[in-house]
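Asker: Just dropping this structure here.
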Amino acid sequence: MTYTVSCHCGAVALEIDPVEDLSTARRCDCSFCRRRGAPMLGVPLNRLKVIRGEDHLSLYQWNTDTAKHYFCKTCGIYTHHQRRANTNE
């Protein structure tokens, strides 16, 4: 099933087609995600599409610069990330 998700202000919108059911969302225990407390759901990159506001996305990386964390520049909402452990998600 395909879902459309967006940041708080609506400047950024994503279309996702997760392989897993939404009930399988989990919490990452890295220092960054623990502070956010938000659940996450793995979606392969070929099933994630930025449909609005790519120019509103800001990228945050640290340590090995492998993981990529994206935020809306306007409202600051964390929209999605590409994991360090599995760079295809």
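Asker: Among the trypsin sites (Lys or Arg not before Pro) within region 1-64, which fall in a DSSP loop and have no more than 15 other Cβ atoms within 10 Å of their own Cβ? Show your work: numbers first, answer last.
Answerer: Details: sites: Arg26, Arg27, Arg34, Arg35, Arg36, Arg47, Lys49, Arg52; in loops: Arg27.
Sparse-neighbourhood loop trypsin sites (Lys or Arg not before Pro): Arg27.
Asker: Taking θ = phi - 60°, what integer Hz values does the Karplus form 6.51 cos²θ - 1.76 cosθ + 1.60 yield along region 54-61, in sequence order, with x for Gly and Pro?
Answerer: Taking θ as phi minus 60°, the curve returns 4, 6, 8, 7, 10, 9, 10, 9 Hz for region 54-61.
Asker: Taking amide H atoms as placed 1.01 Å from N in the peptide plane, list the residues 5 or more away in sequence, or in a different chain, whose amide H sits under 5 Å from that of Ile77.
Answerer: Placed amide hydrogens put His8, Cys72 under 5 Å from Ile77.
Asker: Applying the Karplus parametrisation 6.51 cos²θ - 1.76 cosθ + 1.60 with θ = phi - 60° to the phi angles of region 67-77, what ³J(HN,Hα) value in whole Hz is obtained for each residue in order, glycine and proline being reported as x?
Answerer: 6, 10, 10, 10, 10, 6, 5, 7, 9, x, 6
Asker: A further question follows. List, largest first, the extents of the alpha carbons of the chain along their principal axes, each in whole Å.
Answerer: 28, 28, 22
Asker: OK, next. Enumerate the calculated ³J(HN,Hα) couplings along region 5-22 in order (Karplus 6.51 cos²θ - 1.76 cosθ + 1.60, θ = phi - 60°), each rounded to whole Hz, writing x wherever the residue is Gly or Pro.
Answerer: Each residue's phi maps through the Karplus curve to give 10, 8, 6, 5, 7, x, 5, 10, 9, 10, 10, 10, 10, x, 6, 8, 5, 4 Hz.
Throughout, read-outs are computed from the coordinates displayed, never taken from laboratory work. On a predicted model such as this, the values are computed, not experimentally measured, just so you know. Positions of Cβ are backbone-derived with ideal geometry, glycine not excepted, and every protein chain shown enters the neighbour counts.
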